[in-house]
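Q: Take a look at this one; I'll ask things after.
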Amino acid sequence: MAMNPSTCIIIADDHPLFRSALSATLTRGLDSPSVLETEDFPGLQQMVEQTPQANLILLDLHMPGAEGFSALVYLTAHHPNVPVMVVSAHEEPEIMRRAIDHGAAGFLPKSAGIDTMMEALQAVLSGATWLPAGVDQTPIAGDEELSIADALASLTPQQFRVASMVSQGLLNKQIAYELNVTEATIKAHMTEIFRKLGVHSRTQAAVAIGQLAVHPVQSLDEFRKSPQ
């Protein structure tokens, strides 16, 4: 399949062997593409900022630094002109449809063959939405999930990173160390994160962000109603 030689594709996946195999497939199947790779969400944030000419992001749902669909929500909010296609080992139709609900331009199972992959790439790069045959695009994400996604989308890039670290259980001093800022700065970010998410504690924030996990454990409404 011939394609503009300037086509730039970012692969975001934490498995180096898969990244290498996917990159080799793209190089063989496309016409001299520029293929960039990153293994975690902070690296993806930096790469997208530094590569405004990117034509497509191929995103795994499991990446260090991001919870489930949260990286997708971030990308579609902060880089709406770059289509994102989820490439995942999860093949449940419900998960594929949730990805579309959160702004994905397509969902490609990792088990897909080369011909299917090329078909999906062509569709998404042409501006269409692509899902495997037999999977419809009927919305499936619930109101609470979409509301939390909207709130996450309103976070600044740094607030998003802080929120992601909170969901991983890191303390303020640990987050400050990782981001090379003061603990007071993190506390200020936390105030804004709580306000935007509509929560009042770190635990509630973690539960809220957890709604964007591939398999959420508990809804925020359920958590609020449970004995504390």
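The values are calculated or read from the model by the stated rules, or taken from the named source; none is laboratory data. Keep in mind it's a predicted model, so treat the numbers as computed, not measured. When we count neighbours, we look across all protein chains shown, and the Cβ atoms used for this are built from the backbone with ideal geometry, even at glycine.
Q: Out of Ser88, Ser70, Ser111, I need the residue that is assigned by TED's automatic domain parsing to the domain that holds Leu59 and in contact with a Ser or Thr (Cβ under 7 Å, 6 or more places away or on another chain). Which one?
A: Sole residue among the options that is assigned by TED's automatic domain parsing to the domain that holds Leu59 and in contact with a Ser or Thr (Cβ under 7 Å, 6 or more places away or on another chain): Ser70.
Q: So, one more: Conditions first: (1) under 12 Å from the mean Cα position of the chain (by Cα); (2) within 21 Å of Leu30 (Cα to Cα). Val124 passes all but one, so which condition is the exception?
A: Failing condition for Val124: (1).
Q: Identify, from the list Leu125, Leu131, the residue that is surrounded by 14 or more Cβ atoms within 10 Å (Cβ to Cβ) and over 20 Å from Val214 (Cβ atoms).
A: Leu125
Q: Please count how many residues of the stretch 152-191 are buried (at least 18 other Cβ atoms within 10 Å of the Cβ) and of a type in the set (Val, Ile, Thr).
A: Of the residues in that region, 4 qualify.
Q: Looking at Leu36, Leu108, Leu30, can you tell me which residue is in contact (Cβ under 8 Å) with a residue 60 or more places away in the chain and either under 16 Å from the mean Cα position of the chain (by Cα) or over 20 Å from Ser154 (Cβ atoms) (or both)? I'd like the intermediate steps shown before the answer.
A: Details: Leu36 fails: in contact (Cβ under 8 Å) with a residue 60 or more places away in the chain; Leu108 fails: in contact (Cβ under 8 Å) with a residue 60 or more places away in the chain.
The match here is Leu30.
Q: Whether any residue in the stretch 160-174 is within 20 Å of the chain's Cα centre (by Cα) and among the charged types (D, E, K, R) is what I want to check.
A: Within the stretch 160-174 (the criterion being within 20 Å of the chain's Cα centre (by Cα) and among the charged types (D, E, K, R)), the answer is yes, since at least one residue qualifies.
Q: Only residues that are surrounded by fewer than 18 Cβ atoms within 10 Å (Cβ to Cβ) and either of a type in the set (A, V, I, L, M) or at positive phi (or both): list them for the stretch 104-117, please.
A: Ala112, Ile114
Q: So which pairs qualify, if the first residue must be in the stretch 114-136 and polar (S, T, N, Q), the second must be surrounded by 15 or more Cβ atoms within 10 Å (Cβ to Cβ), the Cβ gap must be under 6 Å, and the two must be at least 6 apart or on different chains?
A: Close Cβ pairs (under 6 Å, with a partner that is surrounded by 15 or more Cβ atoms within 10 Å (Cβ to Cβ)) amount to Thr129/Ala105.
Q: Being assigned to a helix (DSSP H, G or I) and either in contact (Cβ under 8 Å) with a residue 12 or more places away in the chain or surrounded by 13 or more Cβ atoms within 10 Å (Cβ to Cβ) (or both) is the filter here; which residues of the stretch 192-202 pass it?
A: First, the residues of the stretch 192-202 that are assigned to a helix (DSSP H, G or I): 192-197, 202.
Across the stretch 192-202, the qualifying residues are Glu192, Ile193, Phe194, Lys196, Leu197, Arg202.
Every residue, every condition in (1) polar (S, T, N, Q); (2) more than 30 Å from Met117 (Cβ to Cβ); (3) not assigned by TED's automatic domain parsing to the domain that holds Ala66, yes or no:
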{"site": "Gly134", "(1), (2), (3)": "no, no, yes"}
{"site": "Gln168", "(1), (2), (3)": "yes, yes, yes"}
{"site": "Ala184", "(1), (2), (3)": "no, yes, yes"}
{"site": "Lys187", "(1), (2), (3)": "no, yes, yes"}
{"site": "Met190", "(1), (2), (3)": "no, yes, yes"}
{"site": "Ile193", "(1), (2), (3)": "no, yes, yes"}
{"site": "Ala208", "(1), (2), (3)": "no, yes, yes"}
{"site": "Val217", "(1), (2), (3)": "no, yes, yes"}
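Q: Taking the stretch 97-121 only, how many residues are assigned to a loop (DSSP other than H, G, I, E, B) and either of a type in the set (Phe, Trp, Tyr) or out of contact with any strand residue (DSSP E or B) (no Cβ under 8 Å at 6 or more places or on another chain) (or both)? Quick ask: steps written out before the conclusion?
A: Filtering the stretch 97-121 down to residues assigned to a loop (DSSP other than H, G, I, E, B) leaves 102-105, 110-113.
Within this subset, residues satisfying the condition of being either of a type in the set (Phe, Trp, Tyr) or out of contact with any strand residue (DSSP E or B) (no Cβ under 8 Å at 6 or more places or on another chain) (or both) are 102, 111-113.
Total meeting the criteria: 4.
Q: Just one of the numbered conditions (1) surrounded by 23 or more Cβ atoms within 10 Å (Cβ to Cβ); (2) of a type in the set (Asp, Glu); (3) more than 20 Å from Asp150 (Cα to Cα) is not true of Glu67; which one?
A: The number of the failed condition is (3).
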